[in-house]
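J.: Have a look at this one.
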Amino acid sequence: MFNQIMNKIKPAFLANCVDIDSDQDAIEIIYWLRLKINEPNSYAAYRVVVFRFYLWIKYRRGTLKTISNKEIIDYLAFMQNPPLDWCGACHHFAHPEWRPFRTKLSQSTIRFNIQLLKQLFNYLIESEYLKKSPIPSNFKASSIITNLPIEKCLTVDEFKDIYSYINQLPTNSNFETNFKVRMEWVLLLLIYTAGRRTEIVNAKMGDLFFQQGKLWLRVIGKGNKYGELPIVPNLEKALNKYRAFYGLPTIRNRVDLEMDIPLVIKVKCDNCFLNVHSATLWYNIKKLCHGLSEITTNKAFAEKLKKVSTHWFRHTSATLQVDAGIEIRIVQQILRHKSINTTMMYQHVAKDRQHDEMSAKFII
């Protein structure tokens, strides 16, 4: 459905003109875009922003006149976690494989999108196409983004289902084999360390170090802050399996500093190890979960899988740590949160467990 809608409406935006099949919403938006065409450095960005928004409206079977403040908030959430079929590699707008997203949008990019949409709606009001804007003048995207409901946690069984699905992946080419091996390692790395995506892709094998016989990983986190993540025995075992695939010795038997070997390897080429980019890892997780959603018979799980991103594993890790009996302040240290209140936001407790705990322990 998405591709059908995009292929139908994209030509008008590409040509910056309206045709007989254009609806009134498209006509008004394209007229606004024409006013921006004298700003060549900004025009391409304006076009992508408004086309992405218009595409989302049509995907939801709405119109500019039916959009409300609630839909704007829904769109903010959508930009933070777009579906796989909306995502693709970086291409020029005219390219047939262009997609509205490469990865989820950053908070600063989302704020930019909202500012441009405000300009669009102000124009539509001045031209008397709309009576009022769904984006209030005092609307602050940053506060809405921060306070969006957090529903980003997998159960143990759901995580195991995703991990087990990796065994079913094909290995008919070097590309497929590398993807399969990489995803097996990445999933365990994310769940055991609760590391952020950027921390994981920027880390090197040389960032692994031993202290009193225990293995740790140095990372540079948000705000350029240094952190150390414990590598537990099960994860060390997975690490050695991963290293063996690329012809590397076990981590305790290495002889080189390995600062030129990524922690997450994309491919080995002529004795050089290429790293995976942050956007690629995000897309890999989306691709993996989307693939499982296509074959699972559990419809609720399938819908959940379509929303999963790398950050879900950070939430899941925090929750499973607490469920395992790890003291909340230790979890706070592992997640490197300044406030324990932030850590508590990552701790998801299943409703059934809440009910069981209250029933068993709260008796008056």
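J.: Look through the range 99-124, keep the residues that are free of Cβ contacts under 8 Å to residues at least 40 places away in the same chain and not in a helix (DSSP H, G or I), and return whichever of them is surrounded by the fewest Cβ atoms within 10 Å (Cβ to Cβ).
T.: Checking each candidate, the answer is 106.
J.: If you don't mind, there's one more thing I want to ask. Test residue 223 against the stated conditions and say whether it is small (Gly, Ala, Ser), buried (at least 17 other Cβ atoms within 10 Å of the Cβ) and within 30 Å of residue 79 (Cα to Cα). Break it down stepwise before answering.
T.: Numbers: small (Gly, Ala, Ser): yes; buried (at least 17 other Cβ atoms within 10 Å of the Cβ): no; within 30 Å of residue 79 (Cα to Cα): yes.
Judged against the criteria, residue 223 is not a match.
J.: Another question, then. Which helices (runs of 4 or more DSSP H) sit wholly inside the range 1-74 and have at least 3 residues that are of a type in the set (Gly, Ala, Ser) and either at pLDDT below 90 or at negative phi (or both)? Quick ask: steps written out before the conclusion?
T.: On the way: elements: 2-15, 24-36, 40-59.
Where helices (runs of 4 or more DSSP H) fall fully within the range 1-74 and carry at least 3 residues being of a type in the set (Gly, Ala, Ser) and either at pLDDT below 90 or at negative phi (or both), they are 40-59.
J.: Just to verify a result, which residue in the range 316-325, among those that are closer than 25 Å to residue 304 by Cβ and not polar (S, T, N, Q), is farthest from the chain's Cα centre (by Cα)?
T.: Filtering the range 316-325 for residues closer than 25 Å to residue 304 by Cβ gives 316-324.
Those still in the list that are not polar (S, T, N, Q) too: 318, 320, 322-324.
Numbers: 318: 17, 320: 20, 322: 24, 323: 25, 324: 26 Å.
Only one residue fits best here, namely 324.
J.: Taking the condition of being in a helix (DSSP H, G or I) and free of Cβ contacts under 8 Å to residues at least 12 places away in the same chain, how many residues in the range 253-283 meet it? Show your work before the answer.
T.: Pass one, the range 253-283, residues in a helix (DSSP H, G or I): 253, 278-283.
With the extra rule that they be free of Cβ contacts under 8 Å to residues at least 12 places away in the same chain, the set shrinks to 253.
Of the residues in that region, 1 qualify.
J.: Also, I was wondering about something else. Of the conditions (1) crowded, with 18+ Cβ neighbours inside 10 Å; (2) among the acidic types (Asp, Glu); (3) within 22 Å of the chain's Cα centre (by Cα), residue 258 clears all except one; give me its number.
T.: So residue 258 meets the others, but not (3).
J.: Test residue 248 against the criterion of being among the hydrophobic types (A, V, I, L, M, F, W, C) and more than 13 Å from the chain's Cα centre (by Cα), and give yes or no.
T.: Details: among the hydrophobic types (A, V, I, L, M, F, W, C): yes; more than 13 Å from the chain's Cα centre (by Cα): yes.
Judged against the criteria, residue 248 is a match.
The values are calculated or read from the model by the stated rules, or taken from the named source; none is laboratory data. Quick caveat: nothing in here was measured; it's all calculated off a predicted structure. Using ideal geometry, Cβ is built from the backbone for each residue, glycine included, and neighbour counts are taken over all protein chains shown.
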